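The values are calculated or read from the model by the stated rules, or taken from the named source; none is laboratory data. All values reported here derive from a predicted model rather than from experimental measurement. Note that we place each Cβ from the backbone using ideal geometry, even for glycine, and neighbour counts take in every protein chain shown. SASA here: full protein model, heavy atoms, side chains in, ligands and nucleic acids out. Shrake-Rupley method; radii C 1.70, N 1.55, O 1.52, S 1.80 Å.
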Amino acid sequence: MLLELDFTDETPIYMQIRNQIVMGIADGKLSPGEKLPTIRALSNEAGINMMTVNKAYALLKQEGFIQTDRRSGVAVSGSVPSGGVTEKLKSGFKLLVSEAKLCGMTKQEILNLCGEFFETEN
Amino acid sequence: MTAFQTNLIISVFFFPVLPILYFILRNESKPKKNIILGVTIPYEARQTEEVLLICKNFRKHLGITALILAVIFPAAFFIKYISVILTFYMLWLEAAIIAPYVSFTLYHRKLKRLKTEKNWEGSSAGKIVLDTKVSAITQKQYSFWLFLPPVIISLIPVFHAAFFESESLYFIAFVVNALLTVLFFVLYKTVFRLKSEVIDGDTAVTAALARIRSRNMGKSFLLISYFTGAYNICFWLFIESVTGILLSSAAYTVVVLFAAIGAEFAARSAQEKLTQNSGTGFFTDEDRYWINGMFYCNPSDRHAFVKDRVGINMSMNLAKVSGKIVMGISVLCILLLPVAGVFLITEEFTPVNLVVTDSFIEASHTSPEYRISLAEIESAKLIYSLPKSQRVYGTGMDTLLKGKFRADGYGECEFCLNPQVSPFIVITAEGKTYILGGANSEDTANAYKMLG
């Protein structure tokens, strides 16, 4: 999977890494059990601080998307975290819908867009 | 050393710079890793008429530049004075380094303008793109033990000079060569810390490119490390022979160039084949971080070294302080070459001078060289021909011998004379031998008379 880090973007780099890995898992670019680069390898490859990668991986681990092991390194979790729609997800989604409404999008347009993204991810 | 010998030796070392740069830069007009003339071009645009025309004109311009420089080169053989010959070569070398890159920059900019006009910028422009699969692969590396023999070999002259020679003038040269063998090991390790060259989403190609690069660069660093170890031994063994040192230096230069350029061209050819169809649809575009396609400057990148986009080996990140310092020193060295010429001309055309006062005799050239107290002089004699001598360090020109020399029958001596103006005064004082001369025969004879 390709990671694209944009240093001009307001989103912090650790969040960009986290988001893209989540999207990669969702659209099947990263399969369960697939090895990810170690913190050192990724920071070296991207030319960023090890702490940044560490922060992204810690977040992904906490959310259950990846698992780390001293011997085998970092890998995508065998089972993606389930447990239904969380409050955090709901509030995030609500915020996005509100922003879309304020941008002038109709309900149908929002639904179409969601459908489009959902299809792409699958 | 005569003017002809100087010309011959310098030609061997300097002239190859031109064909090497010519072929390296000419090769840049072929697409490699979707880059042409230092500009990232999408697959669809590579064979367009405009791109092909710019590449063709670049090759023509570069060819004419190289031809002019090659035609100028033999002019040095018609120059009589060594300092002028050396100045000529330094200016030529500067032109041979700069002019081909000027051609490259001109056509790089043309291609970049075309890219902007045609809107060929990749969607990832300005972003750092990396492939997680490739980053997770651990590249196979040579063992540290493979690099140890050249380090040990190169340390032999260092230890010999340090423990068995009371005064070794070449100790620093031995140490530098030994340090170089270690440096090549460090550079070898650096190769594996370089960023992968992601062209598009094809992981297999990215992984293959990383393998090719590390294998070829690694091989060349290992070979060069061994060559440097062997060179240090040759330098040590031939220390008494100028011809031996020159020949081993020439051989070392040739093999190092062959190893470095051979590895680079092998990698380029493999890259060319592998990336023939790369860059369709999504492709990476880091052009904005490359000044004139040659100098890498990315403040967001912590890498101090990156793989060269144009040329061979590695470039430094100019956004880092270390990169700025190294680049500054390199540019300064190139620009200061003609200044060295001015110094040499002053050396050759300033006459030597011999002055005797009531208390001392002084030999001067551009500045006072030797001042010997008359009271300390043990013996002085006049000779009409110079003994066969070999320079240890100092200046050796047709009209000037200055510095430390080994002279037959006298051992190590201090020289300050014009070999074309005899006689010469041989003075021994405080255990040292000096062979001095004046601006003309009368001056030397008068000085000798005053010594009494």
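So here's what we get for this one:
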quantity: Unique match (being closer than 20 Å to B:K32 by Cβ, out of contact with any strand residue (DSSP E or B) (no Cβ under 7 Å at 6 or more places or on another chain) and of a type in the set (S, T, N, Q)) among B:N232, B:N292, B:N298; calculated: B:N292
quantity: Those helices (runs of 4 or more DSSP H) lying entirely in segment A:1-114 with at least 1 residues within 30 Å of B:F305 (Cβ to Cβ) and either open to solvent by 50 Å² or more (accessible area, probe 1.4 Å) or among the aliphatic types (A, V, I, L, M) (or both); calculated: A:13-26, A:39-46, A:50-62
quantity: Search result, residues across segment B:274-311 that are over 30 Å from B:T228 (Cβ atoms), open to solvent by 20 Å² or more (accessible area, probe 1.4 Å) and modelled with pLDDT under 85; calculated: B:L274, B:Q276, B:N277, B:T280, B:G281, B:F282
quantity: Residue in segment A:5-38 that is nearest to B:S300 (Cα to Cα), counting only those that are β-branched (V, I, T) and away from chain B (no Cβ under 11 Å); calculated: A:T11
quantity: Selection within segment B:1-34 - among the charged types (D, E, K, R) and either within 17 Å of the chain's Cα centre (by Cα) or crowded, with 20+ Cβ neighbours inside 10 Å (or both); calculated: B:E28, B:K32, B:K33
quantity: Selected residue (only one of B:K115, B:K133 is closer than 29 Å to A:E4 by Cβ and open to solvent by 30 Å² or more (accessible area, probe 1.4 Å)); calculated: B:K133
quantity: Residue list for segment B:110-128, restricted to those being part of a loop (DSSP other than H, G, I, E, B) and either within 14 Å of another protein chain (Cβ to nearest Cβ) or closer than 11 Å to B:V39 by Cβ (or both); calculated: B:W120, B:E121, B:G122, B:S123, B:S124, B:A125, B:G126, B:K127
quantity: Considering residues of segment B:227-255 that are touching a Ser or Thr at 6+ places or on another chain (Cβ under 8 Å) and either in contact (Cβ under 8 Å) with a residue 24 or more places away in the chain or loosely packed, with under 15 Cβ neighbours inside 10 Å (or both) only, the residue farthest from B:A173 (Cα to Cα); calculated: B:Y252
quantity: Of residues in segment B:183-197 being away from chain A (no Cβ under 11 Å) and open to solvent by 40 Å² or more (accessible area, probe 1.4 Å), the one farthest from the chain's Cα centre (by Cα); calculated: B:K189
